[in-house]
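**Student:** Before I ask anything, here is the structure I am working with.
The values are calculated or read from the model by the stated rules, or taken from the named source; none is laboratory data. Just so it is clear, the model here is predicted, and its values are computed rather than measured. Cβ placement follows ideal geometry from the backbone for every residue including glycine, while neighbour counts extend to all protein chains displayed.
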Amino acid sequence: MLKTLRQICRTGIITEPPPLGDDTLRVADALQSQILEVLGRALCIRAIDAGSCNGCELEIHALNNPLYNIEGLGIRFVASPRHADLLLITGPVAKNMEVALRRTYDATPDPKLVVAIGDCGCTGGIFGESYASCGRVSNVIPVDVAVRGCPPNPHQILSGILTAISRAVPGPASFRSSV
Amino acid sequence: MVLQRWFDQAAQQSKASGGGVIAGAPKALGLTVAHDEWRQAAEDMAANGGRLLSLWASRDGNGEDIVRAAFIADAGVLIPSLPLTAAEADYPGIEQWFPSASRMQRAVADLSGLRATDADTRPWLRHAAWPESFHPLIHAHIPPSRAVPVIDHYAFVPVEGDGVHEIPVGPVHAGIIEPGHFRFSVVGEKVLRLEERLGYVHKGIERRFTELPLLSGHRLAARVSGDSAVAFSWAYCQALEGMAAAHLPPRAIWLRALALELERLANHLGDLGAIGNDAGFAFGLAQFSRLKEQLLRATQEALGQRYLMDLVVPGGTRVDLPSTGAELLMESTQSIMAEVDTLHTIYDEHAGLRDRFVGAGVVTPALAAKLGLTGLAGRASGQAFDLRCDLPCEPYGDLAPQKAVRTEGDVAARVAVRFDEVTESTRLISRILRDLPADSHHAAISVPNEGARGVGMIEGWRGPVFLALEAGGSGMIRRCHPHDPSWQNWPVLEHAIIDNIVPDFPLINKSFNLSYSGHDL
């Protein structure tokens, strides 16, 4: 126990400042302004691998490490689409995942945001469209923000998430007292 | 002795008949066999300590279908090929000797339309996206797309009895994890049976290979399973360079080994944290994910990418390692290792962790041998095999890595093997950085002739990665079959969970950490 505590003290707080949102990543202008009114900056994300090679998952995992500390920004990954505000989707959409992806999307309450992660999610990537692949995510469900990269690094992913939610809101983010 | 006869027979068979040395990985021999020899080879291999590496089908330049398997034994790798005439779509199944062959044979039926004579004929990679009559590796024309996507009804094996109920999980899981379906049959909390259903991330990789030039297939190979990018792209290049009879400068080979060990180190650090977290020790995740991030940043600084998806290219590596990069990697890996030592003590002394780890998800050495458990998980169950030691390709002969082996076969053993391999990889990395040859990191290579065959075999962090490559005309790939060790280990996970409680499944599953993408292709 003492060793654990000593290690914690020695490590200290190592979280780095987050990147800013980037408007050039926005692909759809139909961003729902209600989401910010309702949610402020507390955001629940459901990650879905729709066919990725698992490279993007490694970088999404990294967002939870102490340096990026995504929970410190009020953003967390949740276990059910019914708890989610934003879907973070990787991979070309495998045909065998198409139904599961649609159902997950439908199970997510409105208003919702969708961020496609990685070259495959944005364009189909090296896998393209085939008998087994539907290609990019927007071929199957509507996408708000697309983040390129193979895989994109955690900063780029975080920047994409922040782009989706940071629609020029004046002043500090706030919760509405009643919903 | 029995096995030596097979290897001798293969060495004597002429190249034109499909025998003799196969280019690429060391000690690989091909042998064209008849139906009865196909079964006999499998039976002899199983009886004499041989292991099944992979099983796949291809179609040669004359339109003849061939089923191939790769067995590994002390003497090397034997790759029997069984040609099938147009009238025969069936071949003898080998599941009775190698249980892991079952799913590989079902995948062959889905992709190539060739059926094994074994009992389980359910589809494996084919769900509802394309009809049974369409075989993606045979038929050029894709049937017209469906109006509405549908879901099929897969025949899970039912478990009946007083109080037995089923828990279906997936394909979309509660976490940042790849998709797959698990069907648990439980009584109370205890798992009676687990049946896996995979194939959800099947994205047509083997067919995609046939659309690519030989000299760019390494990019797709690196994306078969992103966490094993170096292992797969090296295996691809090993096969290709063997077929092209290319000679690589030593520096290129050493840089690949550096990349492979960095990949092993990064994955092991990530897993050690995640396994601790699944046992309720969030401190472990915070610490190990911090160290992993430190390593990835050093890798980015030194070699230009956090994950080395595009480092290994035909002829060598895409970039060279500058001396400042070498110093940085040396410094980072040493400082990470010092911290891992501290964390190792904490893990070993933590009563709560020991309670969760010890005795959870046991695979005994006898069961592991029977089912063919391989790689890291195999070494935690007494299966002391590591390609880097048993059939070393350059530069592993010089590096002489030590095998990490445990016999308990539980989560604790799989954690212990990871700790040992972190130490060993750190040692190998510093040795490589110290003795890195000073010549070029890349050499030009020519395009192999049509009909050339090669294989690649690299011990990735999860286990032996195998890849078979055949050259087509105009510099294109005719056939490329990449094989992840997860094919062997997924079925064993079904056994590891028996009699454990459902809440221990995430922990046990994580201790194996198998690839979905590498398996589903």
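**Student:** Mind listing whichever residues of segment A:133-155 are assigned to a helix (DSSP H, G or I) and away from chain B (no Cβ under 11 Å)?
**Tutor:** To start, the set of residues in segment A:133-155 that are assigned to a helix (DSSP H, G or I) comprises A:137-139, A:154-155.
Scanning segment A:133-155 gives A:VAL137, A:SER138, A:ASN139.
**Student:** Related question: Return yes when B:ILE167 is under 30 Å from the mean Cα position of the chain (by Cα), within 30 Å of A:GLY55 (Cα to Cα) and either in a loop (DSSP other than H, G, I, E, B) or at pLDDT below 90 (or both) and no when it is not. Walk me through how you get there before you give the answer.
**Tutor:** Details: under 30 Å from the mean Cα position of the chain (by Cα): yes; within 30 Å of A:GLY55 (Cα to Cα): yes; either in a loop (DSSP other than H, G, I, E, B) or at pLDDT below 90 (or both): no.
No: the conditions fail for B:ILE167.
**Student:** Considering segment B:362-383 alone, what residues qualify as being in a loop (DSSP other than H, G, I, E, B) and either within 20 Å of B:ASP74 (Cβ to Cβ) or at pLDDT below 95 (or both)? Step through it out loud before you land on a result.
**Tutor:** Kept after step one, since they are in a loop (DSSP other than H, G, I, E, B), are these residues of segment B:362-383: B:362-364, B:372-374, B:380-383.
Scanning segment B:362-383 gives B:GLY372, B:LEU373, B:THR374, B:SER381, B:GLY382, B:GLN383.
**Student:** When only residues in segment A:41-98 that are facing chain B (nearest Cβ under 8 Å) and part of a strand (DSSP E or B) count, which is surrounded by the fewest Cβ atoms within 10 Å (Cβ to Cβ)?
**Tutor:** Checking each candidate, the answer is A:PHE77.
**Student:** Would you be able to say whether some residue in segment B:138-145 is closer than 30 Å to A:PHE77 by Cβ and within 10 Å of chain A (Cβ to nearest Cβ)?
**Tutor:** Of the residues in segment B:138-145, the ones closer than 30 Å to A:PHE77 by Cβ are none.
No, because not a single residue in segment B:138-145 is closer than 30 Å to A:PHE77 by Cβ and within 10 Å of chain A (Cβ to nearest Cβ).
One line per residue, one yes/no per condition, for (1) of a type outside the set (Gly, Ala, Ser); (2) over 17 Å from A:CYS56 (Cβ atoms):
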site	(1), (2)
A:ARG103	yes, yes
A:VAL115	yes, no
A:CYS120	yes, no
A:ILE126	yes, no
A:GLU129	yes, yes
A:SER133	no, no
A:ASN139	yes, yes
A:VAL143	yes, no
A:GLY149	no, no
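**Student:** Further question on the same structure: Against the definition (within 26 Å of B:LEU3 (Cα to Cα) and either at pLDDT 95 or above or among the aromatic types (Phe, Trp, Tyr) (or both)), how does B:ALA75 come out, yes or no?
**Tutor:** Numbers: within 26 Å of B:LEU3 (Cα to Cα): yes; either at pLDDT 95 or above or among the aromatic types (Phe, Trp, Tyr) (or both): no.
So B:ALA75 fails the test.
**Student:** Hey, another quick one. Here is a list: B:ALA107, B:ALA129, B:ALA116. Which entry is more than 14 Å from chain A (Cβ to nearest Cβ) and hydrophobic (A, V, I, L, M, F, W, C)?
**Tutor:** On the way: B:ALA107 fails: more than 14 Å from chain A (Cβ to nearest Cβ); B:ALA129 fails: more than 14 Å from chain A (Cβ to nearest Cβ).
Residue meeting the stated conditions: B:ALA116.
**Student:** State whether the residues of segment B:67-81 include one that is closer than 24 Å to A:TYR131 by Cα and in contact (Cβ under 8 Å) with a residue 12 or more places away in the chain.
**Tutor:** Quick first cut of segment B:67-81, residues closer than 24 Å to A:TYR131 by Cα only: B:67.
Filter once more, so that each one left must be in contact (Cβ under 8 Å) with a residue 12 or more places away in the chain: B:67.
The answer is yes, given that some residue of segment B:67-81 is closer than 24 Å to A:TYR131 by Cα and in contact (Cβ under 8 Å) with a residue 12 or more places away in the chain.
**Student:** Quick check on B:THR299: is it part of a helix (DSSP H, G or I) and closer than 22 Å to B:SER233 by Cα?
**Tutor:** yes
**Student:** Also, I was wondering about something else. Is there any pair linking a residue in segment B:95-113 that is polar (S, T, N, Q) to one that is surrounded by fewer than 23 Cβ atoms within 10 Å (Cβ to Cβ) and in a helix (DSSP H, G or I), with Cβ under 8 Å and at least six apart or on different chains, and which?
**Tutor:** If the second residue must be surrounded by fewer than 23 Cβ atoms within 10 Å (Cβ to Cβ) and in a helix (DSSP H, G or I), the pairs left are B:SER100/B:LEU371; B:SER100/B:PRO491; B:SER102/B:PRO491.
**Student:** Of everything in segment A:99-120 that's within 21 Å of A:CYS150 (Cα to Cα) and within 12 Å of another protein chain (Cβ to nearest Cβ), which residue is surrounded by the fewest Cβ atoms within 10 Å (Cβ to Cβ)?
**Tutor:** Taking segment A:99-120 and keeping what is within 21 Å of A:CYS150 (Cα to Cα), we get A:114-120.
Now restrict to residues that are within 12 Å of another protein chain (Cβ to nearest Cβ): A:117-120.
On the way: A:ILE117: 31, A:GLY118: 30, A:ASP119: 23, A:CYS120: 30.
So the residue we want is A:ASP119.
**Student:** Of all residues in segment B:467-491, which are touching a Leu at 6+ places or on another chain (Cβ under 7 Å) and among the small types (Gly, Ala, Ser)?
**Tutor:** Hits for segment B:467-491 are B:ALA471, B:GLY475, B:SER486.
**Student:** Oh, and also: Go through B:GLY273, B:GLY226, B:GLY242 for me and flag whichever is within 13 Å of another protein chain (Cβ to nearest Cβ) and in contact (Cβ under 8 Å) with a residue 60 or more places away in the chain.
**Tutor:** Of B:GLY273, B:GLY226, B:GLY242, the one residue that is within 13 Å of another protein chain (Cβ to nearest Cβ) and in contact (Cβ under 8 Å) with a residue 60 or more places away in the chain is B:GLY226.
**Student:** Does B:LEU353 count as in a helix (DSSP H, G or I) and either in contact (Cβ under 8 Å) with a residue 24 or more places away in the chain or within 14 Å of chain A (Cβ to nearest Cβ) (or both)? Steps first, answer last, please.
**Tutor:** Details: in a helix (DSSP H, G or I): yes; either in contact (Cβ under 8 Å) with a residue 24 or more places away in the chain or within 14 Å of chain A (Cβ to nearest Cβ) (or both): yes.
When the stated conditions are applied, B:LEU353 passes them.
**Student:** Still on this model: Here are the criteria: (1) within 14 Å of chain A (Cβ to nearest Cβ); (2) out of contact with any strand residue (DSSP E or B) (no Cβ under 6 Å at 6 or more places or on another chain); (3) under 23 Å from B:LEU311 (Cβ atoms). Tell me which single one B:PRO482 does not satisfy.
**Tutor:** With (1) within 14 Å of chain A (Cβ to nearest Cβ); (2) out of contact with any strand residue (DSSP E or B) (no Cβ under 6 Å at 6 or more places or on another chain); (3) under 23 Å from B:LEU311 (Cβ atoms) applied to B:PRO482, the lone miss is (2).
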